[in-house]
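To keep things clear, I will list the structure first and then write my remarks on it.
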Amino acid sequence: MTSHAGSQKTTVHIEAIDIESLQRSDQPVFLTILVDGKKVCKLPKIKYPQQVRWDQIRAFDIRQDSRVTLSIREARFFVCKSPLIGSVDILGRDALHISSTAWEGESPRELTLQVGETETKVKVKFPTPQGAISTPTEGVQVETRTTAGRVSPEIARPGGTQITPEEQLQPPVLEEVRVLELTAEDHTLLEKLRPIKYAAFDPTQTCLRYTREKYLEAIALWAKNDAIAQRFLWINGLTGSGKSFITASAAQRFHNDNQLGASFFCRRDDFKLNDPRNVLPSLSFQLASRFQAFGKAVSGSLRRDSDIWKFSVAMQYQKLFDAPLRELRGHNIPRPLIIVVDGLDECGTPPTRRPLLIALEKLSKVPWLKVMTSSLPHDDVRTFISRTSVECYPLPVMHGGRETFMDIYHHVKHFINHAASHRTVPPRLLEKSTQEKLSQWANGIFIWAATALRFIFQADNPDGLIIRLDKVLSGPRIKNAVHALHILYSTILTHFDGENEARTRLFQQVIGAVVASRHPLPVRALCALLHGQVGPDDVLRLVEDLSPVLWQDPKYDQGIRLRHPSFADFLTHPANCPARFFIDLPEQNVRLARECLSKMTTSLKFNICGLETSHIPNSAVKDLATRRNSAIPIDLRYSCIHWASHLADTRLEHTKREAILRLLDNFLLRPRALYWLEVLSLIGEVPVAADQLSILVHWIQENKNKYSIAANDMLRFVISFYDPISTCTPHLYISALPLAPKGSVIYKQTAQFRNIISIAKKGTTTWSANLLTLSGHTGRVTSVAFSPDGERVATGSEDHSVVIWDAKGGSVLVGPIRGHSGPVNTVAFSPNGRFVVAGSSDKTIRVWNAESGTHMCGPLLPTVRFISMNADGKNIGVGCTYANFFILDTKTGQVSSGSPDLHNASVNAVAFSPDGLFIVSASDDKAVRFWDSSTGASISGPLTGHTGEVLSVAVSPDSTLIASSSRDKTIRIWDARSYSPVGEPLRGHSDAVSSVAFSHDGRLIVSGSWDKSVRLWHTETRLAAGEPLRKHDGKVTSVSFSPDDRHVVSGSEDKRVLVWDATTRLVVAEPLQGHTSAITSVAFSADGRHLIAGSADKNAYIWDAGVHKAPSIVHGNPPLPKSVEFYPYGPLRSPTRTLPVGTDGWVRDAQGALVLWVPAAKSREGVVLTVPESGVIAIDSSKFVHGTSWVKAQA
């Protein structure tokens, strides 16, 4: 390629273009060169493979921002547009770089063109200047910056050679070249995203040619026209209306036009494709591969944190898109790339897909990206789009109208004509009237037409075709599209079983499992999972008989799938489905849970894949994939991944529950639990263990039975030892197991594994109660709150910020959110979890979107002392210094009502009634007041009686009583209907009562006082329920009931959190310690499993509320392990007794072998290991086996 530069355009000449590996030889092919979509050169047709080269190519002009397209098409007659084989684009700046640096590249230069399953090589040959230095640079994507002036001689080319003085005279010249090629390390890092590669669009699932053109043309116009402001396109329509086919067809066109950034097609019947957490990593992976500058930035994020795929969706967006995109500011991309996400309604639940919608909205605002989605018009998606600031381009897919009818008619006609080309078809089916009638009966629903045609043409003779046609078209036409689809499904099923009980029973066994399964299973795997209740031949016949609604997907090794999710909806709703075909999902989940547990009990074993050594990671075992496929069949793999998720969806009577618990006894309380983790390690699914165990804990319900204790124990084990278990399977046994606390359930399994290490000073005998430390604030944490779903935590701090945290992983989801100019005194979530409101000493209140950190409203009002939200999250009550009390509308951000004059001093607390009708406030003016929650008008008051400042107020669950506490050392009960005191004050505390709360059943009141005590009171009698609870050594600052009212939590200035039994009045655990300053706020999570405490030490701790003996945590910065000393001799009886500990916790020998793993990071909660000041850990290695001897660990 040669060029003659001008200030605006550059003339480019290509000497020759060769092709190879083109898997087409039946038709001649021709090549067209286009610049910015306009044809500049059409090369004559050649007959491949006899001819492989085009030459005599005329010159053409390009600019820096031009897009040069080499398009290869079949040469056919009588076709309006020749079929495209494939195309490949070169950005103008890349072509100019090639031209300006022709001496660096080998000639010819290779471009890769993807054609179906194969890669075609397109070799572009450029003239190479005589004497030029050749430096291979194929596949390098470059970013260039040019100038029309001279280039200073010190600027070197990427190959290292200097630019000659003669070359300086040729403008424009390269001023800067940045090589953006992804390295092998980059590709390795990107694979850590664990992308779902088969989630991308399927080119075989696109619209029939000449159909749905109206929608495809609208999408094409939206994609190419930057004048259209809406950058978020939403395709929506009824079930079966063809949304996914339209989306796939559009994605195919984007791909052909080199405009597809990434795509993800969600599917309900695949647990990987219906999990919102898998979408962003997969999109980021594809976009990184498509746009290498972005890929470089993403690999940088992964280099800093390789476990991003495990994060929440909000955090994934921040790490995988927000941060990389900030690095790319200033990059010029000629036209937008399109992000495609299909089937949003099949991805998660409304609460779990909302963060994904937020992320997609943000992506649509990136200048060089557009987002196209499709879904049913579900309320949550429609509401999100209508309420957010996103500029949405809605594209409803209509199921009526002439155009839709004609598209279905073309589909029907094409199907029948294709069938007639290879089999005998009765004349009636070939008649236009019959084809039009079938199209009319579809009611605009493509899935009806496709299913009906498959059913009709399943018949093996002409008479059978007519019989089935008559069945489909029998009776009057049903104009309700969904009802008509259900009638068709009933017709197919009735024809299938003929009321034969054996066939109905087979249907229930097989289709019940297919509908309830978490992903498609091949026939043999399904039969094996069902323990031979059905045979492969019977299943294959059933699939064949029900082929109109079932198919075997090659993506899943011929796994059985329903052709459309509407069939599953039909089968699982008794009002729609005939009784004998109805699938009882809870009952099917019981069956699959039982079969999964049985499969694991009988099939799991130690060293199932026969690993020979513990010295290398799983990734270095060359034939591990072969071993896995042989030793861990699909049914066992399925059981290990999904057993608990099936339990979660059961509805068990007592006898069935007992049967499941007996299976759990043989699994969870035996070494098989370790063998289960071994399989998950080998197949790379260790994170599944935490999910399944969390599900099991919820399912068991009883917090103190042996199964719950064992499940919690195993969960702590997985979280604490994730690194060694996921890295190298043998270290599950030789590193993780011996390091578990000696009092833990899992440690009891060491009786089966005697040849492992022993540690002289191991630490405590139980797991630490501290699950997570939320560290990051630079000032004292003043307030903490769990979100209603328990998934997030909000903290407010004197550093003027609010942070939203992941309650499970401890990572920052949103924030620090800044805006306040003073300390944040209080934070609260709205009942729907969408907002967090913060009050500050800067005399303002601000409301933030808890999912994005977007500032919703504020700053408003003087110094905020306390805030509370009503049940629907629409209004916020605000107590503040000077201005007293206001009501804030969360939607408009405006003060909708208020009472600026009625309290005479600072408002310390406000609370909404649970019924949402009124608000109660407490103030330093010693009064309690009632307000109408809609108007803010005073209902009654002031209610006087306290002789000191009122510090806290609470409303009973039935909204009939108010409790207030005061510096006067008393608690008063007020009638919320008559606004009068109920009886005498509750007396007993000897100092100010700082906090008061009702139990969730309303029977008890708990109070905390500066007299260092906690008291319980009977609500009805207003008498003390026993003696004061005295264990604190400082003022009690905060008290709360657990959701089940069985426990009370208290926080104190003595830096400790105590959990009390509300019945026995005894402390149920040792003090939860770790904070180094006063506790300011405590709260239970919604499920009661976790506690959070905020402190003046700038941290918030999340604690395990189920731990009954919590060890103390060493304050300060304990020493980290530096090395391990083995005694009486070194590993493998080596004379070297001391080996260093890497920053990743691995102890390696001189050859880099993995000898042992120890917790190396001080933030690794749960693994309690005493490390001396020297940092040297003493290990008894007298029985320690590792390397090729590791299998002897089991003894």
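The values are calculated or read from the model by the stated rules, or taken from the named source; none is laboratory data. Everything numeric here is computed off the predicted structure, so don't read it as measured data. Cβ placement follows ideal geometry from the backbone for every residue including glycine, while neighbour counts extend to all protein chains displayed. For the accessible areas, the whole protein counts, side chains as well, though only heavy atoms, and no ligand, DNA or RNA atoms are used. Shrake-Rupley method; radii C 1.70, N 1.55, O 1.52, S 1.80 Å.
Show the residue pairs meeting these rules: Cβ distance below 8 Å; 6+ apart or different chains; first residue within the range 727-754 and touching a residue at least 40 places away in the same chain (Cβ under 8 Å); second residue buried (at least 17 other Cβ atoms within 10 Å of the Cβ) and acidic (Asp, Glu).
Close Cβ pairs satisfying both conditions: THR729/GLU678; LEU732/GLU678; VAL745/ASP713; ILE746/ASP713.
List the residue pairs whose Cβ atoms are under 8 Å apart, where the first residue sits in the range 242-262 and is within 14 Å of SER374 (Cβ to Cβ), the second is aromatic (Phe, Trp, Tyr) and open to solvent by 20 Å² or more (accessible area, probe 1.4 Å), and the two are 6 or more positions apart or on different chains.
GLY242/PHE446; PHE245/PHE446; THR247/PHE201; ALA248/PHE201; ALA251/PHE201
Select, from ILE632, ILE560, ILE608, the only residue that is β-branched (Val, Ile, Thr), open to solvent by less than 30 Å² (accessible area, probe 1.4 Å) and assigned by the TED database to the domain that holds HIS483. Don't jump to the end; show me each part of the working.
Details: ILE632 fails: assigned by the TED database to the domain that holds HIS483; ILE608 fails: assigned by the TED database to the domain that holds HIS483.
Only one candidate passes the filter, namely ILE560.
Tell me, yes or no, whether the range 522-541 has at least one residue that is in contact (Cβ under 8 Å) with a residue 40 or more places away in the chain, outside the structural domain of LEU636 (by the TED database), open to solvent by less than 10 Å² (accessible area, probe 1.4 Å) and not in a helix (DSSP H, G or I).
yes
Here are ILE973, ILE939: which of them is touching a strand residue (DSSP E or B) at 6+ places or on another chain (Cβ under 9 Å) and open to solvent by less than 20 Å² (accessible area, probe 1.4 Å)?
ILE973
Enumerate the pairs (first residue in the range 554-571 and under 14 Å from HIS486 (Cβ atoms); second residue anywhere and open to solvent by 40 Å² or more (accessible area, probe 1.4 Å) and not in a strand (DSSP E or B)) with beta-carbon separation below 7 Å, excluding pairs fewer than 6 apart on the same chain, so at least 6 apart or on different chains.
Within 7 Å, the pairs are PRO565/ARG268; PHE570/ASN576; LEU571/PHE582.
So in the range 221-235, with the set limited to residues that are open to solvent by 30 Å² or more (accessible area, probe 1.4 Å) and within 30 Å of the chain's Cα centre (by Cα), which one is modelled with the highest pLDDT?
Per the criteria, the residue is ARG231.
Please indicate, with yes or no, whether at least one residue in the range 1151-1171 is at pLDDT below 75 and assigned to a strand (DSSP E or B). Even if it seems obvious, please write down each step before you answer.
First pass over the range 1151-1171, keeping only residues at pLDDT below 75: 1160-1171.
Right, trim to assigned to a strand (DSSP E or B) and you get none.
Looking through the range 1151-1171, none of the residues is at pLDDT below 75 and assigned to a strand (DSSP E or B).
Sort through SER995, SER964 and tell me the only one that's touching a Lys or Arg at 6+ places or on another chain (Cβ under 8 Å) and in a strand (DSSP E or B).
After ruling out the rest, the residue left standing is SER964.
Under 8 Å between Cβ atoms, which residue pairs at least 6 apart in sequence (or on different chains) link something in the range 334-360 that is farther than 19 Å from SER249 by Cβ and part of a helix (DSSP H, G or I) with a partner that is open to solvent by 10 Å² or more (accessible area, probe 1.4 Å) and of a type in the set (Asp, Glu)?
That search, which allows pairs on different chains as well, returns PRO350/ASP379; PRO350/ASP380; PRO351/ASP789; ARG353/ASP380; ARG354/ASP380; ARG354/GLU851; PRO355/GLU851; ILE358/GLU851.
ARG277 passes all but one of (1) open to solvent by 20 Å² or more (accessible area, probe 1.4 Å); (2) touching a residue at least 40 places away in the same chain (Cβ under 8 Å); (3) within 19 Å of ALA199 (Cβ to Cβ); (4) not small (Gly, Ala, Ser); which number fails?
(2)
Which of the numbered conditions does VAL784 fail, given that it passes all the others? Conditions: (1) modelled with pLDDT of 75 or more; (2) more than 27 Å from PRO671 (Cβ to Cβ); (3) more than 31 Å from the chain's Cα centre (by Cα).
So the condition that VAL784 fails would be (3).
All but one of (1) of a type in the set (Val, Ile, Thr); (2) open to solvent by less than 10 Å² (accessible area, probe 1.4 Å); (3) at pLDDT 80 or above hold for ILE709; state the number of the condition that does not hold.
Result: ILE709 passes all but (2).
If I ask for residues that are in a loop (DSSP other than H, G, I, E, B) and buried (at least 16 other Cβ atoms within 10 Å of the Cβ), which ones from the range 1007-1028 would you list?
So in the range 1007-1028, the residues in a loop (DSSP other than H, G, I, E, B) come out as 1010-1013, 1019-1023, 1025-1028.
Passing the criteria: TRP1010, ASP1011, LYS1012, SER1013, THR1019, ARG1022, ALA1025, PRO1028.
Matching residues to (1) under 49 Å from the mean Cα position of the chain (by Cα); (2) more than 17 Å from ALA922 (Cβ to Cβ):
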residue	(1), (2)
SER978	no, yes
LEU986	no, no
SER994	yes, no
ALA997	yes, no
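Among the residues of the range 794-811, count how many are at pLDDT below 75 and either in a strand (DSSP E or B) or closer than 12 Å to HIS777 by Cα (or both). Even if it seems obvious, please write down each step before you answer.
Keep residues of the range 794-811 that are at pLDDT below 75, which gives 806-811.
Subset that is either in a strand (DSSP E or B) or closer than 12 Å to HIS777 by Cα (or both): 806.
Of the residues in that region, 1 qualify.
What is the one condition in (1) of a type in the set (S, T, N, Q); (2) part of a helix (DSSP H, G or I); (3) surrounded by fewer than 17 Cβ atoms within 10 Å (Cβ to Cβ) that SER547 does not satisfy?
So the condition that SER547 fails would be (2).
I'd like the full set of residues that are open to solvent by 10 Å² or more (accessible area, probe 1.4 Å) and either outside the structural domain of SER375 (by the TED database) or not basic (Lys, Arg) (or both), limited to the range 236-248.
Kept after step one, since they are open to solvent by 10 Å² or more (accessible area, probe 1.4 Å), are these residues of the range 236-248: 236, 238-239, 242-245.
Residues satisfying the conditions are ASN236, LEU238, THR239, GLY242, SER244, PHE245.
So, PRO377, is that one touching a residue at least 40 places away in the same chain (Cβ under 8 Å) and within 17 Å of the chain's Cα centre (by Cα) or not?
Criteria not met by PRO377.
Can you tell me which residue among VAL621, VAL686 is within 29 Å of the chain's Cα centre (by Cα) and open to solvent by less than 30 Å² (accessible area, probe 1.4 Å)? Steps first, please.
Working: VAL621 fails: within 29 Å of the chain's Cα centre (by Cα).
VAL686 is the lone residue from the list that is within 29 Å of the chain's Cα centre (by Cα) and open to solvent by less than 30 Å² (accessible area, probe 1.4 Å).
Evaluate the following for ARG818: is it under 16 Å from PRO355 (Cα atoms) and modelled with pLDDT of 70 or more? Don't jump to the end; show me each part of the working.
On the way: under 16 Å from PRO355 (Cα atoms): no; modelled with pLDDT of 70 or more: yes.
For ARG818, the condition - under 16 Å from PRO355 (Cα atoms) and modelled with pLDDT of 70 or more - is not met.
If you scan the range 384-413, which residues turn out to be at pLDDT 70 or above, open to solvent by 50 Å² or more (accessible area, probe 1.4 Å) and among the polar types (S, T, N, Q)?
Selection gives SER386 alone.
Can you name every residue in the range 1062-1079 that is open to solvent by less than 30 Å² (accessible area, probe 1.4 Å) and modelled with pLDDT of 75 or more?
Matches in the range 1062-1079: ALA1062, ALA1078, ILE1079.
If I ask for residues that are crowded, with 19+ Cβ neighbours inside 10 Å and out of contact with any helix residue (DSSP H, G or I) (no Cβ under 8 Å at 6 or more places or on another chain), which ones from the range 721-746 would you list?
Passing the criteria: ASP723, LEU739.
Only one of ILE467, ILE492, ILE511, ILE447 is open to solvent by 50 Å² or more (accessible area, probe 1.4 Å), in a helix (DSSP H, G or I) and of a type in the set (A, V, I, L, M, F, W, C). Can you tell me which?
One residue alone meets the criteria, ILE467.
Does PRO281 satisfy the criteria of being in a helix (DSSP H, G or I) and closer than 27 Å to ASP202 by Cα? If you could, list the steps in order and put the result at the bottom.
Working: in a helix (DSSP H, G or I): yes; closer than 27 Å to ASP202 by Cα: yes.
Yes, satisfied.
Cβ-Cβ distance below 7 Å, separation of 6 or more or different chains: which pairs start in the range 53-76 with a residue that is under 17 Å from ASN258 (Cβ atoms) and end on one that is open to solvent by 50 Å² or more (accessible area, probe 1.4 Å) and at pLDDT 70 or above?
Note: pairs meeting the criteria are SER66/ASP36; ARG67/ASP36.
Mind listing just one residue for me: the one in the range 194-207 that is crowded, with 16+ Cβ neighbours inside 10 Å and farther than 28 Å from GLY684 by Cβ and, of those, modelled with the highest pLDDT?
Step by step, filter the range 194-207, then rank; the result is THR206.
Considering the range 470-486 alone, what residues qualify as being crowded, with 19+ Cβ neighbours inside 10 Å and free of Cβ contacts under 8 Å to residues at least 40 places away in the same chain?
VAL472
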